[in-house]
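Below is one structure, written out as structure tokens; the observations come after it.
The values are calculated or read from the model by the stated rules, or taken from the named source; none is laboratory data. Computed from a prediction, not measured in an experiment: that's the story for all the values here. Note that we place each Cβ from the backbone using ideal geometry, even for glycine, and neighbour counts take in every protein chain shown. Ligands, DNA and RNA are stripped out before the accessible areas are found, and what is left, the full protein with its side chains, is counted by its heavy atoms. Shrake-Rupley method; radii C 1.70, N 1.55, O 1.52, S 1.80 Å.
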Amino acid sequence: MDYDQLLSLIQHFGYFALFFSLWLGIVGMPLPDEVIVMTGGAVTVQGILAVLPAFLLTYLGVISGLSLGYVLGRCMGTPILNKLRRKKKMEKYINYSEHLVQKYGNLALCISYFLPIVRHVMPYLTGINKMSYRRYALISYSTGLVWTFLFFIAGRYLGNHVQEVGPLIYNYGIMLLFLITLGIIIVVIVRLTFRYKKTHGGDRL
């Protein structure tokens, strides 16, 4: 599905096109979530949809899709994660998500919203780690509200330029994720090297 097809779906099915496009994001829709949410904002400026119901259905689509990941992780456990690992290029995103959880705990849920792909992996891990649904909902739904609002408003300002700007935001998010991962690897190597030199240097003395 591309941008023009999304617009066509919105024209035919209205608010529910936004909801299901985002809900199906959990299975890997070709169009990034950022583009879908911004498109939701853009069509309200064009008069195709009303602002409040468009925002509400967009928000519900975001949190329901991610909640499905939490439920699957909670009910199915590690088998669902192992299945994800078999998908092409998913290993690095799963590893980074696990690193976020180990380092930041519950805060990792908030951070993941702003990192493409990781935002879809994190609910699985949260469910597998048996976080209570109440805590998951409190953290994820509140962060999701902020995230949806930011991109929805951006879409209203960008209008017809969503098609060009949306993928750029997504790609820069991927690039940011790559740079963060690279930084972590460098820090680990430096620490291990320093520890090795300190240990072996002390032995020679």
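Which length gain, in nm to one decimal place, applies between LEU56 and GLN11 when the Cα-Cα distance is subtracted from 0.36 nm times their residue separation? Walk me through the intermediate numbers first.
Details: separation 45, 0.36 × 45 = 16.20 nm, distance 1.74 nm.
Gain on stretching LEU56 to GLN11: 14.5 nm.
In segment 46-145, carbon and sulfur make up what percent of the accessible area (probe 1.4 Å)?
Percent of accessible area from carbon and sulfur atoms in segment 46-145: 64.
Once label points are set 7 Å from the Cα along Cα→Cβ at both MET76 and ASP4, what is their separation, rounded to one decimal in nm?
For MET76 paired with ASP4, the spin-label model returns 3.5 nm.
Using a probe radius of 1.4 Å on heavy atoms only, what accessible surface per residue do you get for segment 36-115? Whole Å² is fine.
I get 48 Å² per residue for segment 36-115.
Considering lysine pairs in segment 60-169 that are 8 or more places apart or on different chains, how many have Cα atoms under 21 Å apart?
Total qualifying Lys-Lys pairs in segment 60-169 comes to 4.
Net charge near ILE117, counting Lys/Arg +1 and Asp/Glu -1 over other residues with Cβ under 11 Å of its Cβ?
Details: positive: LYS87, LYS89, LYS92, ARG119; negative: ASP33.
Cβ neighbours under 11 Å give a net charge of +3.
Determine the order of GLU91, GLU34, GLU98 by accessible area, beginning with the largest, at a probe radius of 1.4 Å.
I get GLU91, GLU98, GLU34, largest accessible area first.
What distance in nm separates the two pseudo spin-label positions at LYS103 and VAL45, each 7 Å out from Cα along the beta-carbon direction?
Going from the LYS103 label point to the VAL45 one covers 3.6 nm.
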